[in-house]
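Contents: one structure, followed by commentary.
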Amino acid sequence: MKRQTQARIITLKIDGVDVAAREHETILELAQENNIFIPTLCHLDGLSEYGGCRICVVEVKGSNRLFPACMTYATEGMEVITNSERLRLYRYSILDMLFTERNHVCSVCVSNGHCELQYLAAKLGMTRVEVPYLNPNVPVDASHAHFIMDHNRCILCQRCVRVCGEIEGAFTKGVMGRGVNTRIIHDLNGAWGDSATCTSCGKCVNVCPTGALVEKGKSAGEMVKRRDWLPYLRLMQED
Amino acid sequence: MMIEKFEEITAEEQTAVAERDHTVKVCVAAGCLSSQSDQVLAALKDGASDHHGCHVKGVGCMGLCSQGPLVAVESKNSKTGAVMYQNVQPEDAPDIVDSLGKKPVARLELKTNVPFFQRQKKIVLENSGEIDPERIEEYIAAEGYQGLLTAVTEMTPIEVIDEIVRSGLRGRGGGGYPTGLKWTTVAKMDGPTKYVICNADEGDPGAFMDRSVLESDPHRVLEGMAIAGYAVGANEGYIYVRGEYPLAVERLKLAIRQANRLGVLGNRLLGTTFDFNIHIRLGAGAFVCGEETALIASIEGKRGTPRPRPPYPAEYGLWGKPTLINNVETFANVPAILRKGGAWYAGIGTEKSKGTKVFALAGSIQNTGLIEVPMGMSLREIIYDIGGGVPTGECKAVQTGGPSGGCIPADYFDTPVDYESLKALGSIMGSGGMIIMDDSSSMVDVARYFMEFCMTESCGKCIPCRVGTVHMHNLLDKIYKGKAQQRDLDMLEKLCDMVMNTSLCGLGQTAPNPVLSTLRYFRHEYLDLLVDGEGNGRIDTAVAPEPVEA
């Protein structure tokens, strides 16, 4: 997001804390600046905002609607609440949806212990799911020489799709289907290993929040992802 | 210069009409075409070819689709006015041709002095069933493009917007956002490039208003869009039509070609300095593309998924430019408003909802078809007087607003139909589909059906809608099959609340509406289906005995 050089400065309250902000700063950015925790899944510094996971929704005083913190800009005099009981229940419920949608089995997952979904569940105090598991039959694509795409762990945050297009510029990753049948695909739904556009850069693997995209040869709990390089790449693009 | 041309065309058309003794109109909109009205048209043309002074033409929808194919005969010297025929088959053509100028064919006659025809007030549909949708000359003779001509030659853009504001017109796509305000917002945005989009991605089950308007009177929508373009300062217009409407697309293409050739659309239209070009884009079958941000993404060639608003399309729309996006019916109202004035339009309807609304009557009702009534008419009048009531049994409820709407029980049928009243009842006006249900329908099944629709049409972008609708559908299925317990119902209500409040776009935010409204009015139907832990039918808690005082 391009910053304006001469942005107006405004003030607002987040969880009762007075916060100064530039225009065009999102509630999420401000909260992170001020050490206020807002859970996120599809957001990643350095990628464009997606606004799809809905786990970062916050309340704004005076409105009954909920706003995604990642895509809502600060306005003068705004009073934001990030941790009410209502929000806690909704976030818990959204995690319920994610854990039941596909087959998330932490104990055998290579990302066990390094998974953002798992981290959030622990952080939000989730102990069980309240709706039945859907247990879909989804495939694993291990055709690539270095990486594996395991659709069982995919939460469709589309970080991989965005990083592939926005930063690597390969546009290998795409999306297919609708609703719960949505799938991440490579090129025109071919095997990843057969992709002519994939540069094997591994960026998608490193931005993936769960064990859906992993390196080959890792055992349970061994897959640690590195993504501290992202904001720098983004800055270089802007310059 | 264009005025003379219009007058010339009008005069030619009027002379042609004056020379005819009889005009036979055959409906060639999708409803009647599906019962072979094209063969009826061919047979009538064939039969009347040696009958001097008889003109046979195809026209748009006449409304009473359940009795199609419909044929109307207008005779110059007739004292009784037009005669309408129902269920006409190609074999009936000789009889109709023979009867011209004599007594009508009794076995086919459809009475027109019934409430279905008498109680309607037609603005959007004024030319439907009257003019040949494939001839621009007939539209011009019916005062078509007069509104555009007045706007671009005599009015400033601000005056045009004022007229729309005065009319009190509200968005007919369902939301009911004031059209004048929307136009003002787009007009005030800076920038040399702006766009006008017509949303013709009509996808609600049981709704066919937009299709009929596009098939019966396509020029009307083009004129509305051009006026909007002039008012907000846009030179490009897009019509996003769903791919399932091939006839509407074909007629639109033809209409655009005719209008461009005549100079009423295109560069320097009507001899002024204003340019306005209209393009057609086809939808690929996604219901969610009716949502404005998803529609814009789809026009841009991207995957049709919505994005959070703000910024609204008025600020950041098609290709990042300010964009005005209105529904087909909204645009179809505009030419009449410009021609007759905003004050005239504001005189029709209720205090907050002005004008008329087109409804598509479907389901368990006598007169299935398309109607246009003034706002504020009660549901009872629409269903019983115009619709003719249900064929068998009792009318139980009416579903309005498609998968975003709700079911209104028969007890509330005296409610006037306007945006606010329907919202207060837990439903919405929606785009105008009305599905009437008799007492054989299970409300749980209705809710399950609409949830299944939302589940398969969810785009998959946001989690609450993508997964929540699946769980809600599974729970409704479980309840309907008599396998659910009270805690399943509690979970269903909890999920409704979550999906409604956390979903990204209107599809998810309104997906629980059919469940919530049936729970509100027909909760006992849900409770009757619940079982206890052992699988036995449970006692209705609604009439549970009072606790005995100790």
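The values are calculated or read from the model by the stated rules, or taken from the named source; none is laboratory data. Values in this document were obtained by computation on a predicted structure and should not be read as measured data. In this analysis, Cβ positions are derived from the backbone assuming ideal geometry, glycine residues included, and neighbour counts consider all displayed protein chains.
Tabulated data for the structure shown
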quantity	calculated
Of the criteria (1) surrounded by fewer than 24 Cβ atoms within 10 Å (Cβ to Cβ); (2) at negative phi; (3) not basic (Lys, Arg); (4) not in a helix (DSSP H, G or I), which one residue B:256 fails	(4)
Check on residue B:249, outside any strand (DSSP E or B) and closer than 12 Å to residue B:200 by Cα	yes
Test: residue in region B:212-228 that is modelled with pLDDT of 95 or more, over 28 Å from residue B:371 (Cβ atoms) and not in a loop (DSSP other than H, G, I, E, B)	no
Matching residues in region A:118-134 - criterion: being of a type in the set (A, V, I, L, M) and away from chain B (no Cβ under 11 Å)	A:120, A:121, A:122, A:124, A:126
Some residue of region B:48-57 being in a helix (DSSP H, G or I) and not polar (S, T, N, Q)	yes
Among residues of region A:172-201, those that are aliphatic (A, V, I, L, M) and farther than 20 Å from residue A:101 by Cβ, counted	3
Residues that are in a helix (DSSP H, G or I), of a type outside the set (A, V, I, L, M) and touching a helix residue (DSSP H, G or I) at 6+ places or on another chain (Cβ under 8 Å), drawn from region B:496-519	B:496, B:501, B:502, B:506, B:508, B:509, B:510, B:513, B:514, B:518
Condition check for residue B:147: assigned to a helix (DSSP H, G or I) and in contact with a Lys or Arg (Cβ under 8 Å, 6 or more places away or on another chain)	yes
Of residues in region B:467-486 being among the aliphatic types (A, V, I, L, M) and at the interface with chain A (Cβ under 8 Å from one of its Cβ atoms), the one farthest from residue B:456 (Cα to Cα)	B:467
Matching residues, region A:98-114, being out of contact with any helix residue (DSSP H, G or I) (no Cβ under 7 Å at 6 or more places or on another chain) and part of a loop (DSSP other than H, G, I, E, B)	A:105, A:110, A:111, A:113, A:114
Selection count, region B:20-39, where residues are within 18 Å of residue B:97 (Cβ to Cβ) and part of a helix (DSSP H, G or I)	3
Yes/no for residue A:110 being more than 14 Å from chain B (Cβ to nearest Cβ) and surrounded by 17 or more Cβ atoms within 10 Å (Cβ to Cβ)	yes
Which listed residue, of A:17, A:80, A:58, is among the aliphatic types (A, V, I, L, M), under 30 Å from residue B:473 (Cα atoms) and over 16 Å from the mean Cα position of the chain (by Cα)	A:58
Matching option when the condition is within 17 Å of residue B:523 (Cβ to Cβ) and either out of contact with any Pro (no Cβ under 7 Å at 6 or more places or on another chain) or outside the structural domain of residue B:500 (by TED's automatic domain parsing) (or both), among B:441, B:421	B:441
Residue pairs meeting the criteria (Cβ under 7 Å; at least 6 apart or on separate chains; first outside the structural domain of residue B:333 (by TED's automatic domain parsing), in region B:115-142; second of a type in the set (Phe, Trp, Tyr) and crowded, with 22+ Cβ neighbours inside 10 Å)	B:127/B:139; B:131/B:139
Count of residues meeting criterion [more than 12 Å from residue A:146 (Cα to Cα), surrounded by fewer than 21 Cβ atoms within 10 Å (Cβ to Cβ) and either aliphatic (A, V, I, L, M) or in contact (Cβ under 8 Å) with a residue 12 or more places away in the chain (or both)] in region A:204-228	9
Considering residues of region A:32-85 that are outside any loop (DSSP other than H, G, I, E, B) and more than 29 Å from residue A:114 (Cα to Cα) only, the residue farthest from the other protein chains (Cβ to nearest Cβ)	A:79
Subset of region A:15-27 (residues that are touching a strand residue (DSSP E or B) at 6+ places or on another chain (Cβ under 9 Å) and either of a type in the set (Val, Ile, Thr) or at pLDDT 95 or above (or both))	A:19, A:26, A:27
Pick from region B:440-495, criterion among the polar types (S, T, N, Q) and not in a helix (DSSP H, G or I), ranking: nearest to the chain's Cα centre (by Cα)	B:458
Test: residue in region B:259-266 that is polar (S, T, N, Q), in a loop (DSSP other than H, G, I, E, B) and in the same structural domain as residue B:193 (by TED's automatic domain parsing)	no
Any hit, region B:268-281, residues being surrounded by fewer than 16 Cβ atoms within 10 Å (Cβ to Cβ) and among the small types (Gly, Ala, Ser)	yes
Yes/no for residue B:220 being under 17 Å from the mean Cα position of the chain (by Cα), assigned by TED's automatic domain parsing to the domain that holds residue B:273 and either at negative phi or surrounded by fewer than 24 Cβ atoms within 10 Å (Cβ to Cβ) (or both)	yes
Pairs with Cβ under 6 Å, 6+ apart, first in region B:350-366 and under 25 Å from residue B:388 (Cβ atoms), second acidic (Asp, Glu) and surrounded by fewer than 21 Cβ atoms within 10 Å (Cβ to Cβ)	B:364/B:438
Subset of region B:370-420 [more than 24 Å from residue B:449 (Cα to Cα), among the β-branched types (Val, Ile, Thr) and out of contact with any Ser or Thr (no Cβ under 8 Å at 6 or more places or on another chain)]	B:371, B:382, B:386
Single residue of region B:491-536 satisfying the filter (touching a strand residue (DSSP E or B) at 6+ places or on another chain (Cβ under 9 Å) and within 14 Å of chain A (Cβ to nearest Cβ)) that is surrounded by the most Cβ atoms within 10 Å (Cβ to Cβ)	B:504
Some residue of region A:20-29 being away from every other protein chain (no Cβ under 12 Å), in a strand (DSSP E or B) and either under 17 Å from the mean Cα position of the chain (by Cα) or loosely packed, with under 14 Cβ neighbours inside 10 Å (or both)	yes
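For (1) on the phi > 0 side of the Ramachandran plot; (2) modelled with pLDDT of 90 or more; (3) charged (D, E, K, R), each residue gets a yes or a no:
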residue	(1), (2), (3)
B:22	no, no, no
B:28	no, yes, no
B:35	no, yes, no
B:50	no, no, yes
B:72	no, yes, no
B:85	no, yes, no
B:98	no, no, yes
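Condition check ((1) touching an Asp or Glu at 6+ places or on another chain (Cβ under 6 Å); (2) buried (at least 24 other Cβ atoms within 10 Å of the Cβ); (3) closer than 16 Å to residue B:410 by Cβ) across all residues:
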position: B:357; (1), (2), (3): no, yes, no
position: B:364; (1), (2), (3): yes, no, yes
position: B:375; (1), (2), (3): yes, no, no
position: B:381; (1), (2), (3): no, no, yes
position: B:384; (1), (2), (3): no, no, yes
